[in-house]
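Notes follow the structure.
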Amino acid sequence: MLPLSYRILLVEDFLSLMTVQTGILGDLGYDKIETAVNGIDAWNKLEELFETNNKIECIVSDWNMPEMDGFELLKKVKADSRFKDLPFYMLTSETDKKDILRAIENGVTNYIVKPATFEVLQEKFKRFKVE
Amino acid sequence: MLSILNKSIKNKLIFSTLFIVVIATVLVAIGIYFTVLTDLQKSMGQRLQHIASTGSLLIEGKTHHDIYKQYVKQVPKEEIEKSKSFLDVQKTLRNIKNINNLEQDIYTVVLPKWLKKDKKMLFMAMSNHKPYIGNGLERSEIASQVLNTKTAQYSEIYEDSEGQWISALAPIFTVTKKGKKRVVALLEVDYDVTEEVHAVQMNLLKKSLLWSTVGILFSLFIIYFVSNALSSPIIELTGHTRKAIDGNWAEDLKIQRADEIGILADSMRSMVSEIVISRNQLEDYAHNLEQKVKERTKELNDTNTKLTCILDSLGQGLFLINSDYNIDSLYAKVTDSFLAKPLNAMQIKDFYIEEFDIDRTFKVLFNELIPFEDGISLLPTNIRKKNDDMFLDISYKPIVTNDGIDKILVIITDKTYEVLSEKKLKQKEIETNRLLSIFGSQRELKSFIEDAKERVLDAKELIKKEVIDLSLIKGHAHTIKGGASWFYEEPIIQMTTKIEDLCLSLQANKDSMPQDINIDENLDNYFSTLENNFEDFIKFTSSTLGYDVEGDDIITLKEKDLFSIVKSFGQKREDELFNILLCEDAGELLKTLNNPLKDISKRLNKDLNEITIKSDGSRIYRKLYSEFFDVIVHYVRNIAVHGIEDEDIRLKRNKDKYCGVVFSVKKVNDRLFFSFKDDGNGIDPLVISKKCEELGVDMSGKTDHEIIQGIFTKKVSTSDNKNEWSGLGVGMDVIKSTVDSLGGSVEIFSNFEKGTELIVEMPYLKYKDVNNVTT
């Protein structure tokens with residue numbers, strides 16, 4: 001189970017969807033949520049909060065976003081020793097399994113096919129193993 | 001012997017002490033022996049020395065020298081022996097022997113210089129009766145000393161072939177003309193001490209034996225006490241240790257001493273108690289382990305039994321995928337009954353129909369790169385079934401060992417019966433829904449039939465033309481299909497689909513179409529069939545509704561009646577019926593906001609693009625949300641008044657000339673989300689911040705997003721120029737309080753100069769909520 005104490009960074013370009021997702025994460029019991037609207041924004045948030053007590057502990061990111069997409073963000077995160085161990089959940093509307101494989105091989109903790117409902121997120125987070 | 005020595009410390013002590021006593025006795029005896037021997041040698045030697053020195057004075061040197069001179073002149077020995085000087089000397093020697101009661105003969109020797117080299121002495125005369133002259137004796141050490149010192153000397157005891165001896169020698173002098181003494185010969189007296197030495201030895205042996213016996217007895221006595229004092233605690237300790245080794249831990253070690261043995265006993269005691277604790281723990285552990293093994297064995301047996309049961313069951317196919325991503329040769333033979341060909345003739349890629357990246361996908365599964373349950377969704381769902389009528393369910397279970405996933409169990413279950421039953425159920429549901437649609441949408445039904453009839457007629461006219469407008473015909477078919485779908489009218493849906501497909505293929509193959517195919521006839525036939533389908537549909541609906549749907553006016557059912565229909569269908573389907581009969585697409589309700597927005601924009605000379613309405617088709621009962629729609633219209637007005645910039649400003653900001661407005665609605669998990677988005681002016685956080693502070697609200701440390709939420713505060717308005725269309729007294733605060741009262745929330749997102757989005761989230765209200773409202 002993904003610990004409820006984790007500070008989650010939600011990366012989503014559609015503000016309305018972000019509101020929905022934040023709500024669902026809240027309903028699941030996660031009350032420390034940071035948001036970013038694309039990969040670049042997310043990266044800045046990660047770096048900015050890294051030095052503080054509000055360090056990001058999990059990333060939930062959309063795949064398709066302007067400027068820097070979720071996959072680029074994933075690669076960047078995994079290449080950085082500070083963030084490479086963070087659980088990374090990829091939200092994807094892609095049902096193309098090749099793309100999903102690509103994300104898995106690049107180290108995502110799990111993928112979530114949209115719509116990411118309460119039940120889907122609950123299920124995916126439940127399967128998270130704290131190492 | 002060695003084994004005894006090895007066995008006991010006590011024995012070792014005894015034997016080593018005895019050994020020491022014996023050695024000591026022997027050493028003492030040897031010491032005494034040599035002392036006695038020295039005494040004997042001294043007393044006997046002094047006596048002999050005295051005899052020799054007094055005897056030598058009796059022999060006249062000149063006479064003796066005369067014998068020597070004859071010998072040197074090589075006078076025959078017989079003559080020398082008869083000479084007066086020889087006889088005189090011999091007589092004197094005999095006298096000395098007799099006076100002193102000597103048993104052995106005494107004799108004289110000379111040591112001529114010329115004989116020095118071969119270190120021999122020369123015999124001159126002897127006291128015996130047989131004369132003797134000539135070479136013979138080895139020159140002894142003592143003879144040399146006598147020559148050097150010119151005084152008598154005696155020897156130590158020495159041994160030769162005849163026995164043990166002590167000898168004494170004394171010089172025989174002549175006086176030279178000058179009156180100087182000169183040694184001409186030596187007188188030697190020998191004494192056989194063999195018997196005396198033997199007597200000393202015997203005496204000593206007797207005494208030594210006595211002493212050692214006494215010594216041994218005494219030491220045994222001492223050893224007994226010492227070894228008892230020393231070894232008994234050691235023996236006890238040893239015994240205790242041996243018992244401990246044999247498993248008797250309970251016995252207490254009683255040794256209490258302050259010495260090394262006491263320390264050893266203490267260590268032994270603490271060691272034993274530690275061992276006892278460890279042994280008990282080990283016993284507990286062993287016992288638990290045994291229990292665990294038993295339990296685990298039982299579990300395994302249970303699992304095996306279960307597996308056997310599963311394998312034996314006829315309904316399920318089972319096989320394993322190995323970690324090399326191949327199908328295991330061992331599988332339930334029933335599996336073959338589901339598949340196009342026997343499993344043992346298949347590789348994993350033949351099992352699935354879809355092509356997929358086997359290595360990468362199974363690597364994800366076996367290495368659990370993501371949880372197994374999620375990983376299996378990467379596998380294709382279509383498999384090579386034996387026949388198409390079969391509906392198979394495939395599930396995957398990991399076989400896990402300590403090293404991770406070893407194999408993947410694939411379970412194939414025949415769900416044909418279940419699926420068919422479900423299909424039948426669905427069919428019944430469709431029938432019900434169809435009736436409900438007809439009942440609930442009579443106005444739409446009427447207009448659909450009118451519209452469709454017109455379109456069919458138009459299409460038939462189009463077909464007759466020289467050049468057939470296929471896309472127009474296809475458009476008609478598509479629109480009719482859409483309407484028919486609403487009423488679940490399968491024959492019309494199928495026919496219109498056929499027409500669409502035909503049009504599509506005709507369009508695509510315009511050039512290669514064979515001339516002999518009569519397009520008009522084909523299409524005409526289709527539309528004739530469609531007309532017939534419509535006749536049937538009209539008959540059916542008219543008889544269902546009880547009036548002629550083509551001619552008569554609609555008999556509208558009142559809401560009250562609709563509610564009673566909902567009730568009559570029972571609790572199970574009340575939500576569904578309520579949804580169909582009384583709810584409408586929330587998007588349709590959003591459309592009612594178009595007019596006020598367009599109206600005000602027009603009056604303000606602000607241009608709008610077509611307003612976009614997005615809906616996920618969520619149906620809501622208007623009356624439940626009427627308060628919300630009453631107030632949201634003010635926000636929509638605000639968009640026109642404050643949100644949309646003048647055309648020149650928009651162009652300056654690199655924006656489209658016309659403002660884009662999107663209203664959308666979506667249902668997520670029993671929550672309804674409305675979004676009102678524009679790409680207009682946006683909200684200036686500075687203005688809101690200033691106004692809020694004027695009202696006494698502390699805005700320090702807030703983000704822009706937090707600041708603009710201040711717009712929901714009472715008395716905050718974004719425009720200073722109030723006009724007749726806005727600022728009517730209904731502000732954002734009213735929208736917020738209305739939504740709050742409905743159990744929802746509002747949030748506004750805005751980028752200044754770029755646009756604004758208002759998001760309203762409310763609970764999705766159902767039939768029971770109507771009841772709550774009405775009661």
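The values are calculated or read from the model by the stated rules, or taken from the named source; none is laboratory data. From a predicted model like this one, the values you see are computed outputs, not experimental measurements. Here the Cβ positions follow ideal geometry from the backbone for every residue, glycine too, while neighbour counts run over all protein chains shown. Remember, those area values only see protein heavy atoms, side chains included, never the ligands or the DNA or RNA. Shrake-Rupley method; radii C 1.70, N 1.55, O 1.52, S 1.80 Å.
Data table
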{"quantity": "Residue list for segment B:680-691, filter: in contact (Cβ under 8 Å) with a residue 24 or more places away in the chain and open to solvent by 50 Å² or more (accessible area, probe 1.4 Å)", "calculated": "B:Val687"}
{"quantity": "Residue tally, condition touching a His at 6+ places or on another chain (Cβ under 8 Å) and not in a strand (DSSP E or B), over segment B:167-212", "calculated": "0"}
{"quantity": "Selection count where residues are of a type in the set (Gly, Ala, Ser) and assigned to a helix (DSSP H, G or I), scope segment A:17-47", "calculated": "4"}
{"quantity": "Test for B:Glu431: is it in a helix (DSSP H, G or I) and away from every other protein chain (no Cβ under 14 Å)", "calculated": "yes"}
{"quantity": "Which numbered condition A:Met65 misses (of (1) away from chain B (no Cβ under 14 Å); (2) in a helix (DSSP H, G or I))", "calculated": "(2)"}
{"quantity": "Residues of segment B:468-499 classified as in a loop (DSSP other than H, G, I, E, B) and in contact with a Phe, Trp or Tyr (Cβ under 6 Å, 6 or more places away or on another chain), total", "calculated": "1"}
{"quantity": "Residue in segment B:347-366 that is modelled with pLDDT of 90 or more, surrounded by 18 or more Cβ atoms within 10 Å (Cβ to Cβ), in contact with a strand residue (DSSP E or B) (Cβ under 7 Å, 6 or more places away or on another chain) and within 14 Å of chain A (Cβ to nearest Cβ) present", "calculated": "yes"}
{"quantity": "Residues located in segment B:317-373, provided they are more than 24 Å from A:Ile104 (Cβ to Cβ) and among the acidic types (Asp, Glu)", "calculated": "B:Asp328, B:Asp336, B:Asp350"}
{"quantity": "Output for segment B:657-672, where each listed residue is surrounded by fewer than 19 Cβ atoms within 10 Å (Cβ to Cβ) and away from every other protein chain (no Cβ under 14 Å)", "calculated": "B:Lys657, B:Tyr658, B:Gly660"}
{"quantity": "When residues of segment A:1-28 are limited to those that are among the aliphatic types (A, V, I, L, M) and touching a residue at least 60 places away in the same chain (Cβ under 8 Å), the one nearest to B:Leu672 (Cα to Cα)", "calculated": "A:Ile24"}
{"quantity": "Filter pass, B:Leu58 being closer than 21 Å to B:Phe173 by Cα, open to solvent by 50 Å² or more (accessible area, probe 1.4 Å), hydrophobic (A, V, I, L, M, F, W, C) and at pLDDT 80 or above", "calculated": "yes"}
{"quantity": "B:Asn721 vs. criteria surrounded by 22 or more Cβ atoms within 10 Å (Cβ to Cβ), over 18 Å from B:Pro596 (Cα atoms) and modelled with pLDDT under 90", "calculated": "no"}
{"quantity": "Failed item, numbered, when A:Arg127 is tested on (1) more than 20 Å from A:Gln21 (Cα to Cα); (2) within 8 Å of another protein chain (Cβ to nearest Cβ)", "calculated": "(1)"}
{"quantity": "Conditions (1) of a type outside the set (Lys, Arg); (2) crowded, with 21+ Cβ neighbours inside 10 Å; (3) over 21 Å from A:Asp85 (Cβ atoms): number failed by A:Asp41", "calculated": "(2)"}
{"quantity": "Per-region count, segment A:8-35, residues away from chain B (no Cβ under 13 Å) and in contact with a helix residue (DSSP H, G or I) (Cβ under 8 Å, 6 or more places away or on another chain)", "calculated": "5"}
{"quantity": "Residue count for segment A:83-107, restricted to those that are under 15 Å from A:Ile8 (Cα atoms) and surrounded by 15 or more Cβ atoms within 10 Å (Cβ to Cβ)", "calculated": "7"}
{"quantity": "Residue match in segment B:462-469 (condition: over 60 Å from the mean Cα position of the chain (by Cα), at pLDDT below 85, open to solvent by 20 Å² or more (accessible area, probe 1.4 Å) and under 11 Å from B:Leu523 (Cα atoms))", "calculated": "yes"}
{"quantity": "Members of segment B:677-696 that are outside any helix (DSSP H, G or I) and more than 10 Å from chain A (Cβ to nearest Cβ)", "calculated": "B:Asp678, B:Asp679, B:Gly680, B:Asn681, B:Gly682, B:Ile683, B:Asp684, B:Leu695, B:Gly696"}
{"quantity": "Failed item in (1) in a helix (DSSP H, G or I); (2) within 13 Å of chain B (Cβ to nearest Cβ); (3) surrounded by fewer than 19 Cβ atoms within 10 Å (Cβ to Cβ), with A:Glu72 passing the rest", "calculated": "(2)"}
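Every residue, every condition in (1) more than 8 Å from every other protein chain (Cβ to nearest Cβ); (2) in contact with a helix residue (DSSP H, G or I) (Cβ under 7 Å, 6 or more places away or on another chain); (3) modelled with pLDDT of 90 or more, yes or no:
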site	(1), (2), (3)
A:Phe88	yes, yes, yes
A:Ser93	yes, no, no
A:Lys98	no, no, no
A:Ile104	no, yes, yes
A:Tyr111	no, yes, yes
A:Pro115	no, no, no
A:Phe118	no, yes, no
A:Leu121	yes, yes, yes
A:Glu131	yes, no, no
